[in-house]
Amino acid sequence: MDIRQAFLDFFASKGHKVYESAPLVPDDATLLFTNAGMVPFKNIFTGEVPAPEPPRATSCQTCIRAGGKHNDLENVGHTARHHTFFEMLGNFSFGDYFKEEAIAYAWEFVTEVLKLPKEKLWVTVHESDDEAEAIWKKHISADRILRMGDKDNFWQMGDTGPCGPCSEIFYDQGEEHFNGPEDYMGGDGDRFLEIWNLVFMQYERDKAGNLTPLPKPSIDTGMGLERVTAVVEGKLSNYDTELFMPIIREVEKMVGKPYVYESGASYRVIADHLRSTAFLLAQGVNFANEGRGYVLRRILRRAVRHGYMLGLREPFMHRLVDVLVEIMGNHYTYLKEKAPAVKEAMRLEEARFFGTIAAGIELFEKELAKTKERFSGAVAFKLYDTYGFPLDLTQDMLKEKGIEVDIAEFERLMQAQRERAKAAWKGSGDARVEGDFKALLEAFGPNAFVGYDRLEEKSRVLALLDERFARVKCLEPGQAGWVMLERTPLYAESGGQTGDRGVLLDQNGQTVAEAVDTKKFFDLNLSKITTKTKLCENDTVTAVVDTSRREIAKHHSATHLLHSALREILGDHVTQAGSLVEADRLRFDFSHPKALTAEEIAEVEKWVNDIIERGIAGETEEMDIESAKAKGAMALFGEKYGETVRVVSFGDASVELCGGTHVKNSAEIGMFLITKESGVSAGVRRIEAVCGHAAYELVKGMRETLATITRELKAKDPMQGVVKLQEQVKTLKSEIKELQKGKKADVKTEKIGDTVVVVDEVDAGDIKQMIDDLKNAHDKVAVMLFQKKGDKVLIAAGQKGTNVKAGAWVKEIAPMLGGGGGGRDDFAQAGGKKPEAISEAKTKALAYLKEHL
């Protein structure tokens, strides 16, 4: 039985609109990941936007709980129910039906569709909810209804806002399986399993904690697909169902050992983490050292470590993707489409970790053998910093031994690193914007964008907002705020394209306000303005788009051609991972496992310029999403497409779904030049490029630079001049080397015990060679030499036959000179910015030797 589809079909038959699962990365700055079925509808429940039509919805939402406040990571594999990735079935009413229908629908689905035996079902209601209990009595006997307190049966979104009692449906898994002291209805045992939670949002809680009844109460329900699948299949663990067992069986084959539930936590971790890793990668999240990308890295590395425990010594997770696609690819078709790119990204990340895991585990085991109470925070940090072990992976390994990490020491070292790198995580998204958007939507609905066909439009001011998005009647001269026009030619930032700038003119053609940016808030197209004269609601103005729009359109069309070129030359695994389109440049991020060669960059650039030169007409059409896909249009995951979509094409060269502005013919783009290719994160590359006027300016600058070089070299052919200079430099270097050979370094030596010691400053010469000469001349020697180079200083150290480590010695001394460095035990070097501190550094260097020799 396809429970997922059965659920969606059931609620569709009850008048609910079926919504596709929203992206795992939510459009919500307060959340790291989508962690519940109601997250995509949060703005409706909070009243920020009006209810949709119809005011009832259903979905099967993919969720991640592996970071931030909601984090199930450490429990995964050790319990029957915890997952990092899960699917939440839900039905929602936005001020439409309430308890009567919600309860009736739930009962009908579990008893008539799922056909769960009624004698195994129990229900809980809030201790104050007489209404819910009375309704339940129509469906189930009173002795199977329990009243519970706020802890179990009251739900709230936050400290303030919508909230209400809830009712939960439980399934009795049987006394024969669970008969402990807590295995009673209402106890903490596993016998009675909660399968569905019905939340009755009927109150608004204020800051004082007071509850006020909502005029239009709503319904939010959630049923975990993994749990209900286990119940329907008669399994006591989610991992024993057909959602997981095909993956576990494949791991069995790889390992060559049978899966036994009691000792099979590692198999379960791998099966669970495969799902979260594959879905995040398929949705465009990439491995990184911060934010969501770091959570993804932690999940994969935890799975790899469990594979290592099972005896696997080479990348294996990527080989499980095909099994996952067989299980889930029919419903989530993008998983099937992205599988090749997902596998390659996984394989590369696995290979990275397998390269350090053995050494990391060896270090861990050595420290563990010395640990009595707390595991060293310094070693945990070294495992993180040097061997790529996330802290929670080290904690996970220690959990099995009942030992904790010295977190305070780890955090101190981590903070020091952050300060050095200035790379603290900046949050999960943009600052949350709150304002009078709901009132505008209810009063006017979304305003019309008319800027595809024209760059100016006479229009009425529907509404004005101040800088904090509070509605005002007028904006005074010099005041900043936001304007909502009835019809606007100004494009709102979207799909990587920057928002339009422009001006608002009065009936006499005088500037009323300057538009410095345009953004979209809940389908409202609003322009940020600074007024020149007083502007009020209902005024009539002419909005004129800045001329920079033409250059933006060129760069946007060039981005589409670049995308096609990359897929044509590198392969179909290339997918867009981000973009920025401005008037003077474009930036395009895409999935690809390695840096492009110079030849590939040249080929991509030529491919785009060939299409530009062919003068292919740009065409925009509106059609339904399925027709667009049939036409071959590329859709971007996470973009919100309505029932009707806009398809932008340049012949067969490029066909994409896009709401942005474009040129009418590829020839308008002008020259296209790639300025840079770089890496963004593991498996993601970035190309920066210019076209149109920006390309002209770049070539003009290059030509001026070339003219200056030619003039300075005093050569008609600058390349001949460069070659001549190189030959001169080579000759001079050779002469300097010969001079240095003839000049022996006059350095002061002394002895500490039987070791020859040199700590000195030299004016000239190759200090590395000097150290090598001293090492060749003595059996036991320790040397540190300093050399001024302008306002900088070079430091080099070496040793032979002693217990002093040159790398550690240099690390101790270099900071005194405002620098850093390191190296091997026998030779190390560093640079500094404070040559005035050489004398002090020499004293400390000598003291270091006296202490360590």
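The values are calculated or read from the model by the stated rules, or taken from the named source; none is laboratory data. What you see is a predicted model; the values in this text were computed from it and never measured. Note: ideal-geometry Cβ built from the backbone for every residue, glycine included; neighbour counts use all protein chains shown. Heavy atoms of the whole protein, side chains included, go into the accessibility calculation; ligands, DNA and RNA do not. Shrake-Rupley method; radii C 1.70, N 1.55, O 1.52, S 1.80 Å.
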Report task. Confirm whether ASN91 is open to solvent by less than 40 Å² (accessible area, probe 1.4 Å), out of contact with any Leu (no Cβ under 7 Å at 6 or more places or on another chain), closer than 25 Å to LEU391 by Cβ and at pLDDT 90 or above. Result -> no
Requested in this report: Tell me which of these VAL723 doesn't satisfy, since it passes every other one: (1) assigned to a helix (DSSP H, G or I); (2) of a type outside the set (Asp, Glu); (3) in contact with a Leu (Cβ under 7 Å, 6 or more places away or on another chain).
Outcome: (3)
Report task. Scan segment 799-815 and give yes if some residue there is in a helix (DSSP H, G or I), out of contact with any Ser or Thr (no Cβ under 9 Å at 6 or more places or on another chain), β-branched (Val, Ile, Thr) and open to solvent by less than 10 Å² (accessible area, probe 1.4 Å), otherwise no. Result -> yes
Requested in this report: Can you run down the residue pairs with Cβ atoms below 6 Å, 6 or more apart or on separate chains, where the first is in segment 489-506 and under 17 Å from VAL450 (Cβ atoms) and the partner is among the aromatic types (Phe, Trp, Tyr)?
Outcome: ASP500/TYR491
**Report entry** From GLU656, GLU677, residue being under 25 Å from the mean Cα position of the chain (by Cα), within 30 Å of ARG352 (Cα to Cα) and crowded, with 16+ Cβ neighbours inside 10 Å
**Finding:** GLU677
Report task. Identify all residues within segment 616-647 that are under 18 Å from GLU568 (Cα atoms) and crowded, with 20+ Cβ neighbours inside 10 Å; write none if there are none. Result -> ALA633
Query raised in the report: When segment 696-713 is examined, which residues are found to be of a type outside the set (D, E, K, R) and out of contact with any Lys or Arg (no Cβ under 9 Å at 6 or more places or on another chain)?
Result: TYR696, LEU698, VAL699, GLY701, MET702, THR705, LEU706, ALA707, THR708, ILE709
Requested in this report: May I ask you to list the residues in segment 216-235 that are farther than 20 Å from THR34 by Cβ and either touching a residue at least 12 places away in the same chain (Cβ under 8 Å) or assigned to a helix (DSSP H, G or I) (or both)?
Outcome: LYS216, PRO217, THR229, ALA230, VAL231, VAL232, GLU233
Query - Test result for ASN776, surrounded by fewer than 17 Cβ atoms within 10 Å (Cβ to Cβ), under 15 Å from VAL758 (Cα atoms) and either in contact with a Leu (Cβ under 6 Å, 6 or more places away or on another chain) or of a type outside the set (Val, Ile, Thr) (or both) - result: yes
Query - Filter result for GLU242 (open to solvent by 20 Å² or more (accessible area, probe 1.4 Å), of a type outside the set (Phe, Trp, Tyr) and touching a residue at least 40 places away in the same chain (Cβ under 8 Å)) - result: yes
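In a strand (DSSP E or B), touching a helix residue (DSSP H, G or I) at 6+ places or on another chain (Cβ under 9 Å) and not aliphatic (A, V, I, L, M): is that true of GLN769 in this structure?
For GLN769, the condition - in a strand (DSSP E or B), touching a helix residue (DSSP H, G or I) at 6+ places or on another chain (Cβ under 9 Å) and not aliphatic (A, V, I, L, M) - is not met.
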**Report entry** Subset of segment 207-228 [among the charged types (D, E, K, R), closer than 21 Å to GLU48 by Cβ and under 34 Å from the mean Cα position of the chain (by Cα)]
**Finding:** LYS207, ASP220
Requested in this report: Consider LEU146 carefully, then state whether it is in contact (Cβ under 8 Å) with a residue 40 or more places away in the chain, open to solvent by 20 Å² or more (accessible area, probe 1.4 Å) and farther than 19 Å from ALA80 by Cα.
Outcome: yes
Query raised in the report: When only residues in segment 325-345 that are out of contact with any helix residue (DSSP H, G or I) (no Cβ under 7 Å at 6 or more places or on another chain) and hydroxyl-bearing (Ser, Thr, Tyr) count, which is farthest from ALA633 (Cα to Cα)?
Result: TYR332
Query raised in the report: Mind checking which pairs have a first residue in segment 769-783 that is on the phi > 0 side of the Ramachandran plot and a second that is among the β-branched types (Val, Ile, Thr) and open to solvent by less than 30 Å² (accessible area, probe 1.4 Å), Cβ under 7 Å, 6 or more apart or different chains?
Result: none
**Report entry** segment 47-80, subset in a loop (DSSP other than H, G, I, E, B), of a type in the set (D, E, K, R) and at pLDDT 90 or above, residue farthest from PRO26 (Cα to Cα)
**Finding:** GLU53
Query raised in the report: Restricted to segment 722-754, and to residues that are modelled with pLDDT of 90 or more and open to solvent by less than 60 Å² (accessible area, probe 1.4 Å), which residue is farthest from the chain's Cα centre (by Cα)?
Result: ILE752
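From the list VAL757, VAL783, which one is in contact with a strand residue (DSSP E or B) (Cβ under 7 Å, 6 or more places away or on another chain), open to solvent by less than 20 Å² (accessible area, probe 1.4 Å) and closer than 28 Å to SER734 by Cα?
Matching residue, one of VAL757, VAL783: VAL783.
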**Report entry** Test: residue in segment 567-587 that is assigned to a strand (DSSP E or B), farther than 27 Å from ASP453 by Cβ and at pLDDT 95 or above
**Finding:** yes
Query raised in the report: Hey, any hits in segment 763-772 for a residue that's open to solvent by 40 Å² or more (accessible area, probe 1.4 Å) and closer than 17 Å to LYS748 by Cβ?
Result: yes
Query raised in the report: In segment 263-332, which helices (runs of 4 or more DSSP H) lie fully inside it and hold 2 or more residues that are more than 30 Å from PHE588 (Cα to Cα) and open to solvent by 20 Å² or more (accessible area, probe 1.4 Å)?
Result: 291-309, 321-328
Query - Cβ pairs under 9 Å, 6+ apart, first in segment 339-368 and within 22 Å of SER591 (Cα to Cα) and open to solvent by less than 20 Å² (accessible area, probe 1.4 Å), second in a helix (DSSP H, G or I) and of a type in the set (Asp, Glu) - result: ALA339/ASP322
Requested in this report: Would you point out the residue of segment 92-142, among those that are among the aromatic types (Phe, Trp, Tyr), part of a helix (DSSP H, G or I) and in contact with a strand residue (DSSP E or B) (Cβ under 7 Å, 6 or more places away or on another chain), that is farthest from ASP152 (Cα to Cα)?
Outcome: TYR105
Query raised in the report: Looking at ALA694, is it in a helix (DSSP H, G or I) and closer than 30 Å to PRO489 by Cβ?
Result: yes
Report task. Please specify each residue of segment 173-192 satisfying the condition of being touching a helix residue (DSSP H, G or I) at 6+ places or on another chain (Cβ under 9 Å) and buried (at least 20 other Cβ atoms within 10 Å of the Cβ). Result -> GLN173
